[in-house]
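The values are calculated or read from the model by the stated rules, or taken from the named source; none is laboratory data. Since this is a predicted model, take the numbers as computed values, not measurements. Cβ placement follows ideal geometry from the backbone for every residue including glycine, while neighbour counts extend to all protein chains displayed. The accessibility values were calculated without ligands, DNA or RNA, using every heavy atom of the protein model including side chains. Shrake-Rupley method; radii C 1.70, N 1.55, O 1.52, S 1.80 Å.
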Amino acid sequence: MPHGTACAQARGQFRSQGSRMALEHCRGDSRLTEAPHPILCRDCPDLFWPDSPVPPSRCPVCGSRRLVSHPDLTQLTIAHMDCDAFFASVEKQRRPELAGKPLLVGGIGDRGVVSTACYIARLSGARSAMPMRQARALCPDAIILPPDMAAYRRVAEHIRTLMRDLTPLVEIRSIDEALLDLSGTRQLHGAPACVVLARLALKVERELGVTISIGLAANPLMAKLAAGLDKPRGFGVIGREAREWLADKPVRILPGIGKAQEQSLHRLGLTRLGAIAALTLDEAVRRLGPRGAELLARARGEDRHRVTPHHPVKSVSSEVTFERDIRDPVILERELWKLCEQLAMRLRRKEVSATGVSLKLRTGDFQTRTRAARLHSPTVLPDRLFQAGRELLRPETGTQAFRLLGIGSNGVAPLDAADPQDLADARSVDRVAMQKAIDTLRSRFGRDAIKRGRALDS
């Protein structure tokens, strides 16, 4: 019998057995209380139930060792998907000659920061958010590339489209992370969430060259933690054992707990999540303050958050760290203009407008200054953002050099509220039309197709 026919028959046998046992499980059949756990083969991808209590080391259909087993595997529906070393993965797909080589993506200058380190570079100790100079010292053979955010956004949007084909409940957490709620989709896809997710990961890897780590759990908090269990190309599952799994973990493992809060908890003698979970609600509020109840719930593996497809945008910003500290007001204004063009583009992309601007400056000794101003009407025009930002910048320049400059929205409004016709300004309509023409040219021919004079070096 041909090998393909045998595999197809074997797959059908295991599918039939899996469907029968899943149906019995849904009916509450007591015979399943001691049945072996279902096993997911991530390379078929399909489910099977072993005939013996000893789980197999390979898939009986394809021979893969990438197997996942958990008693709640077919019942969990909340997933966290995290692209592995996303920027580096996209670059290696675009440049096959980089395969098998250490790669760092980020700022190239002395003050540059690593945005992404591929897993080969991580073997030498290089990490994201590390100063590029330090990463180069740890991994001197690494190839360094500047980020190409337009390319990364295109790939990210392709992945999001594939996700939304599975469920409308997709919550984007960042360019390379998302939450999915697959509740109620089992009949639609003819398979439980775990199988659907494994199929998606294989499709993304084969079509886009990006690997994905998946976390499957009962809520978003535990799904995110599960996604980090076996990176890269991981598939972590945490079910009803969530509280016990968390008990011996350090408090810092919870998303949102930074170094300062960790130290505060340590001073209270709370170094492990189990110690927090053991508190009563009254004790948690008394010892941990107003957010004590929330921290108590999360330490027990509970999360009230629901996967929400759309989050309101609260602020948009753009900033740059200079290679050398800059004191010259002319150069600072030129850099501010470039940032205002970036900010205007990001505002339009997020379909909001700025109701005010916020200026950020950081000196050579890492002192940060912020200044803010309101606008008389919302805008997405770089000219108006620049005018307001320049008024905030000028009083700060001349005597102090700066290592960082940033501009952001100080409040947002809907995009359709941006730049209404101003009866006191006869050219307001012309400025909007001119910016639309510039945007059209850049979308067709690239960002450098047209530039304003103030963006050029003197």
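Observations
- Counting DSSP beta bridges with both ends in segment 89-205, the antiparallel % (nearest 5): 75 percent
- Normalised per residue, the volume of the convex hull around the Cα set of segment 350-426 (Å³): 98 Å³
- Here Lys314 is the anchor, and the lysines within straight C-alpha reach of less than 21 Å, apart from those fewer than 8 places off in the same chain, are Lys350, Lys360.
- Across segment 285-340, Cα-Cα pairs more than 14 Å apart make up 74 percent of the total.
- Computed packing ranks the peptides 189-196, 313-320, 298-305 as 189-196, 298-305, 313-320, most packed first, by mean other Cβ atoms within 10 Å.
- Rounded, prolate or oblate (a/c below 1.5 giving rounded, otherwise prolate when a/b exceeds b/c) for segment 177-230 by Cα gyration tensor: oblate
- Distance from the alpha carbon centroid of segment 194-270 to that of segment 119-192 works out to 14 angstrom.
- When Ile326, Ile172, Ile407 are compared by accessible area at a 1.4 angstrom probe, the order from most to least is Ile172, Ile326, Ile407.
- For segment 250-353, the spread of Cα positions along the three principal axes, ordered from largest to smallest, is 59, 36, 20 Å.
- Working ranking of peptides 410-416, 393-399 by packing, defined as the average number of other Cβ atoms within 10 Å per residue, highest first, is 410-416, 393-399.
- Alpha carbon Rg of segment 107-150, scaled by the compact-globule rule 2.2 N^0.38 Å: 1.03
- Only Lys, Arg, Asp and Glu carry charge here, each on its Cβ (+1 for the first two, -1 for the last two); on that basis segment 80-207 has a dipole of about 160 debye about its Cα centre.
- The packing ranking of peptides 86-95, 144-153, highest mean first, is 86-95, 144-153, where packing means the average number of other beta carbon atoms within 10 angstrom of each residue.
- Orientation-averaged projected area, Cα convex hull of segment 108-213 (nm²): 7.8 nm²
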